[in-house]
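Before any comments, here is the structure.
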Amino acid sequence: MTEQAQSATSTPSGRARPWVHFLVASGILAFTFLSWNWVIAAMHWVTRKEAVPWPPAVRVDSQCHLESFPDVCGPFVLAGDGELEGQVDGKPDGEVIIKDDVLESLRINTTRDKMNLPQRKSNWYMARIYRDTRVQSSADPRRFWRLEIYYYTGGLDKIPHVPERCLVAGGATLVPALTGGVSLRADGPVPWNGLVPFRRTGYEISDRLRLNTKQYVQYYTFSLNGHPEDLWEKVRLRLNDPRVRHCYFAKIQFAPLGEVASLTEMDHAAQEFVDNTMPAILSMLPMPQDMERLRSGGAASP
């Protein structure tokens, strides 16, 4: 190498000039970027999830609140005006409207949701309290039931909002003896036409002096692209699968408002609640055949 060429690439001390290192690093980054893009294209992977449109039965208001769920599901009816709060205001007590700051933490009614509402592709929620008309005693823990559905689509999510986390964050204590998997029968379309895996979460709440402790249970499962799944870890893993372009998940959660007297009786009552509400719940959610039509380039619902 001539003295002139050497002086162009080296400092007086013989070290390479900084811009040479920059060019080498830029070349490596460019090669890595192009190689990664080639891998993604060759494997037919996706880096952005596409939203799944709602079924025809779904109607959602401007605040991403589900409006089309029936008020009567067999013997379970939406709690009426003054029935829970004792105050008549012209609105059914069973219709629970979540505050904006809580919706923000749930990532519902976001700017992206508002953009997707006209295309029927936004996230949405429903929270309601139903009364079992067969139960006459106000002291019976099975008289009132809270039902919640949270629908998420078109994005990656870490599934942070499950009872095991939220209850503890709210000051409750989990009860391992009441917590675990439980199978409940469902009479819906495939694959919701048999035993469906649910998670039962048991917890207790004490007063400040711990003089009185009451135990409660909640039940939940997920619809993951139309398939039942009770483990949030599997839902997260599937949502991050680069082979899946269209994705949604919905958390289906319900609970008796009363404290647990007998776990066996509560599980039996939970089965009856599922018997009467699950057909309506599933009509609000895309099923596997809808997802298959999306994958093949058709509409999600006929």
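The values are calculated or read from the model by the stated rules, or taken from the named source; none is laboratory data. What you are looking at is a predicted structure, and each value in this text was computed from that prediction instead of being measured. Because the Cβ atoms are built from the backbone with ideal geometry, glycine has one as well, and the counts that use them run over all protein chains shown.
From the list 206, 262, pick out the single residue that is surrounded by fewer than 17 Cβ atoms within 10 Å (Cβ to Cβ) and under 21 Å from residue 144 (Cβ atoms). Answer to the check: 262. Of all residues in the stretch 120-149, those satisfying the criterion of being among the small types (Gly, Ala, Ser) and part of a loop (DSSP other than H, G, I, E, B) are 122, 137, 138, 139.
Restricting the first member to the stretch 164-176 and to residues that are in a helix (DSSP H, G or I), and the second to residues that are at pLDDT 90 or above and among the aromatic types (Phe, Trp, Tyr), the beta-carbon pairs closer than 7 Å and six or more apart or on different chains are 167/203. Going through the stretch 154-182 one residue at a time, which ones are closer than 26 Å to residue 279 by Cα and exposed (fewer than 13 other Cβ atoms within 10 Å of the Cβ)? 180, 181 - these are the residues of the stretch 154-182 that are closer than 26 Å to residue 279 by Cα and exposed (fewer than 13 other Cβ atoms within 10 Å of the Cβ). Considering the stretch 104-153, and only residues there that are under 18 Å from residue 253 (Cα atoms) and small (Gly, Ala, Ser), the residue that is surrounded by the fewest Cβ atoms within 10 Å (Cβ to Cβ) turns out to be 105. The test for being at negative phi, at pLDDT 95 or above and either small (Gly, Ala, Ser) or in contact with a Cys (Cβ under 9 Å, 6 or more places away or on another chain) (or both) holds for residue 250. How many of the residues making up the stretch 233-259 are within 16 Å of residue 220 (Cα to Cα) and crowded, with 20+ Cβ neighbours inside 10 Å? Count: 9.
Among the residues of the stretch 243-294, those identified as part of a loop (DSSP other than H, G, I, E, B) and within 19 Å of residue 126 (Cβ to Cβ) are 257, 284, 285, 286, 287. Taking the stretch 198-238 as the range and being within 16 Å of residue 285 (Cβ to Cβ), touching an Asp or Glu at 6+ places or on another chain (Cβ under 6 Å) and part of a strand (DSSP E or B) as the test, the residues that pass are 198, 221, 222.
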